[in-house]
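First comes the structure, then the notes that go with it.
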Amino acid sequence: MSMITKLWKPSEQPKESDVSIQEAAYLLREQQVVAFPTETVYGLGADATNESAVQRIFEAKGRPSDNPLIVHVASIREVEDLVTHIPQVARNLMERFWPGPLTLILESNGTASKNVTAGLKTVAIRMPDHALALALLKAAELPLAAPSANRSGRPSPTKAEHVRQDLEGRIAGILDGGPTGVGVESTVLDCTSDIPAILRPGGITKEDLEEVLPEVKIDPALTGKDAPPVSPGMKYTHYAPESPLWLIKGEDEFFRSQLHELQEEGYRIGVIASNELAEKLHHEFVLPCGSRENLTEVANRLYEVLREYKESDIDLILCESFPDYGVGAAVMNRLTKASVKIIEQP
Ligand code: TXA
Ligand code: MG
């Protein structure tokens, strides 16, 4: 698979009529895949109603086809074309949080192609809060299936440059809208059961949802306390950096002692830590990812720092843990998946 990947840099106030957006929309209607920014991460879009277009997403990413995709829309009207019905609770959520980082699972009416839904009776839908994404959706006049625009297993892209690293030569084009805002993906909320359930924590927090919903469940699969497998074969799973990542849970002194022990054993260690811990460590390779007091900043920086350490320079990454509330829940969900080992302070 090798093709010329077009790179467009539209204006900061993009309009549907811009040449770049018109070109990208044209390619989408021709069943090609195009990467575009959203407020969370860059997405890899294709016509959600067209099976062969969607097939190209899976091929470009190397993504297993049993993992369903999110459909992006520019209006609530378009949701009606994709689902059997919109429950009142979903309508309330759309009115409150759309456009924004909240994906709703609703009952599919079969319009979304079956490789979008992975054969499920449900479909995941969201309206991105990004002018460029919305202009593209309107210009294409299509609902766009779009997973994160990374090679499967890699950290999600928060800059057009990350998309280029992973997918250049494999997709028709990339719309560069600068760095994304939220930095972690949307919250996925199942609205098909009586009590809505969070399937993936993300940009809209549980606390945000509780302002609108009388009750919100967390999918039991998310709260499983099982540590990820330590087997080296399982190294490259989700959001994985080039070197294996160990997640350290404990106080700063505990982190420091783990770092020193591993250094004594001869490992070249890269550290990912809050600004506060980074400053205390006096270690050669430290990437600060924001203040502990500002989890929004940590979420925004997370995927970029996960991409920064190269296998050639570092044997192992030690990463600090963050509080599990607010957008910290999404950060910890991704870090747990990115890690091959979790070390907890006894
Ligand atoms: O922020 C985001 O959501 C980004 C941007 C590009 O919009 N997209 C994204 O897509 O993260 P992706 O494909 O990487 O993640 C889709 C998530 C997966 O966890 C998938 O299992 C879940 O949504 N999902 C999709 N359809 C589903 C369905 N019908 N039922 C349950 N989960 C579903
Ligand atoms: Mg993804």
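Residues in the range 148-158 that are on the phi < 0 side of the Ramachandran plot and open to solvent by 10 Å² or more (accessible area, probe 1.4 Å) were compared, and the one that is nearest to ligand 2 (Cβ to nearest atom) is 148.
None of 33, 54, 71 is at pLDDT 95 or above, under 25 Å from residue 91 (Cα atoms) and either within 9 Å of ligand 1 (Cβ to nearest atom) or buried (at least 18 other Cβ atoms within 10 Å of the Cβ) (or both) except 71.
Against the list (1) away from ligand 2 (no atom under 16 Å from the Cβ); (2) touching a residue at least 40 places away in the same chain (Cβ under 8 Å), the condition residue 144 fails is (1).
Any residue at all in the range 139-149 that is touching a His at 6+ places or on another chain (Cβ under 6 Å) and not polar (S, T, N, Q)? The answer is yes; a qualifying residue exists.
Residue 84 passes every criterion in (1) away from ligand 2 (no atom under 16 Å from the Cβ); (2) within 19 Å of residue 48 (Cβ to Cβ); (3) in contact with a Lys or Arg (Cβ under 8 Å, 6 or more places away or on another chain) apart from (3).
Taken over the range 116-140, the criterion of being away from ligand 2 (no atom under 16 Å from the Cβ), in a loop (DSSP other than H, G, I, E, B) and in contact (Cβ under 8 Å) with a residue 60 or more places away in the chain is satisfied by 129, 130.
Where strands (runs of 3 or more DSSP E) sit wholly within the range 272-346, those with at least 1 residues that are basic (Lys, Arg) occupy 341-344.
If the condition is being of a type in the set (Asp, Glu) and modelled with pLDDT of 95 or more, then the range 265-292 contributes 265, 276, 279. Residues that are at positive phi and not acidic (Asp, Glu): does the range 58-77 have at least one? Yes: the range 58-77 contains one or more residues that are at positive phi and not acidic (Asp, Glu). Inspect all residues belonging to the range 102-114 and state whether any of them is over 26 Å from residue 51 (Cβ atoms), part of a loop (DSSP other than H, G, I, E, B) and under 17 Å from the mean Cα position of the chain (by Cα). Scanning the range 102-114, I find no residue that is over 26 Å from residue 51 (Cβ atoms), part of a loop (DSSP other than H, G, I, E, B) and under 17 Å from the mean Cα position of the chain (by Cα), so the answer is no. Here 163, 184, 212 are screened, and the one residue that is crowded, with 24+ Cβ neighbours inside 10 Å, more than 12 Å from the chain's Cα centre (by Cα) and more than 20 Å from residue 82 (Cβ to Cβ) is 163. When residue 79 is tested against the conditions (1) away from ligand 1 (no atom under 11 Å from the Cβ); (2) assigned to a strand (DSSP E or B), the lone failure is (2). Scanning the range 122-143 for residues that are basic (Lys, Arg), near ligand 1 (Cβ under 8 Å from one of its atoms) and surrounded by fewer than 21 Cβ atoms within 10 Å (Cβ to Cβ) returns no hits. Quick one: is residue 79 within 16 Å of ligand 2 (Cβ to nearest atom) and under 24 Å from residue 33 (Cβ atoms)? Against the criterion (within 16 Å of ligand 2 (Cβ to nearest atom) and under 24 Å from residue 33 (Cβ atoms)), residue 79 does not qualify.
The values are calculated or read from the model by the stated rules, or taken from the named source; none is laboratory data. No experiment lies behind these values; they were computed from the predicted model shown. Please note: Cβ atoms are built from the backbone with ideal geometry, for glycine as well, and neighbour counts cover all protein chains shown. Keep in mind that these areas ignore ligands, DNA and RNA; they rest on the heavy atoms of the full protein, side chains included. Shrake-Rupley method; radii C 1.70, N 1.55, O 1.52, S 1.80 Å.
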